[in-house]
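The values are calculated or read from the model by the stated rules, or taken from the named source; none is laboratory data. Just so it is clear, the structure is predicted and the values come from calculations on it, not from any experiment. Note that each Cβ is placed from the backbone with ideal geometry, even for glycine, and that neighbours are counted across all protein chains shown. Side chains included, ligands, DNA and RNA excluded: accessible areas come from the protein's heavy atoms. Shrake-Rupley method; radii C 1.70, N 1.55, O 1.52, S 1.80 Å.
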Amino acid sequence: GPKVLQIPSHQIIDMGQMVTLNCDPVSNHLYFYWYKQILGQQMEFLVNFYNGKVMEKSKLFKDQFSVERPDGSYFTLKIQPTALEDSAVYFCASSLVGYEQYFGPGTRLTVL
Amino acid sequence: GDSVTQTEGQVALSEEDFLTIHCNYSASGYPTLFWYVQYPGEGPQLLFRASRDKEKGSSRGFEATYDKGTTSFHLRKASVQESDSAVYYCALSDRQGTGSKLSFGKGAKLTVSP
């Protein structure tokens, strides 16, 4: 089936640094999403994105977070600056129409 | 806000056992309900969904029935196989529209022994 890729699979950074998580969505998809999962907890919605704009963001999507998809390439989540509580697995998803969201394998972010 | 509750964190079964994983939800209106499955090293993938009261979703021998009266969407399979070992997530979408966010339960890790 359609694949969503995420790069890198694991990222370790020091608190206060900037990090960019990259997502390569399914090629003809139009809607893009980021979810966050802290170890042992449920996956939680961060933000969704369509036509170059944020549609909806949760309270977890702090001011230090931003998303973009320049020129139809990677869909990125940038965190600047990072905090210890940002350590989690971040899942990217994309969808065409309807409800089926296709998820990537996740990027494990460790903030030291 | 909307929420999904899964009570089983870990489920251990033998092949050919009957599986039930419970899912209850809290949402206003008429949410769409989903079951996702996640294998090691992969992202969650959709098993099936249901949008109306009494609608049954099914795939690969798994099934669940939307029950608005009990706000439930329990996952069942009559005879599990070792290859069914994975994490199963119940989720809901509160809006009837494209691009809606998903609210997930905590997931249930199913381990099936041969």
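Structure notes:
- In the B-A interface, the accessible area buried, summed over both sides, Å² (probe 1.4 Å): 1800 Å²
- Candidates B:Arg76, B:Arg49, B:Arg95: whichever shows maximal mean-square fluctuation once chain B is modelled as a Gaussian network with Cα springs under 10 Å: B:Arg95
- In the elastic network of chain A, a GNM with C-alpha springs shorter than 10 Å, the most mobile of A:Gly40, A:Gly52, A:Gly16 is A:Gly40.
- If R0 equals 22 Å, the separation of the Cβ atoms of B:Lys109 and B:Arg76 corresponds to a calculated FRET efficiency of about 0.80.
- Solvent exposure of chain B, expressed per residue, is 45 Å² of accessible area, with all protein chains present and a 1.4 angstrom probe.
- Per residue, the accessible area of the range A:24-112 comes to 48 Å² when a 1.4 Å probe rolls over the protein heavy atoms.
- Computed log10 I(q)/I(0) for the range A:10-112 at 0.10, 0.22, 0.25 Å⁻¹: -0.25, -1.21, -1.52, from the Debye equation with unit scatterers placed on every C-alpha and solvent omitted.
- Global form of the protein assembly as shown, assessed from the alpha-carbon gyration tensor, a/c cut-off 1.5: prolate
- The portion of the accessible surface of the range A:40-112 made up by carbon and sulfur, rounded to a whole percent, is 48 (1.4 Å probe; DNA, RNA and ligands excluded).
- Mean partner shielding of peptide B:37-45, defined as the number of other chain Cβ atoms within 10 Å of each residue Cβ, is 5.
- Separation between Cα centres of the range B:85-114 and the range A:35-112, rounded to whole Å: 17 Å
- The value of relative contact order for chain A, using C-alpha pairs under 8 Å at least six residues apart, is 39 percent.
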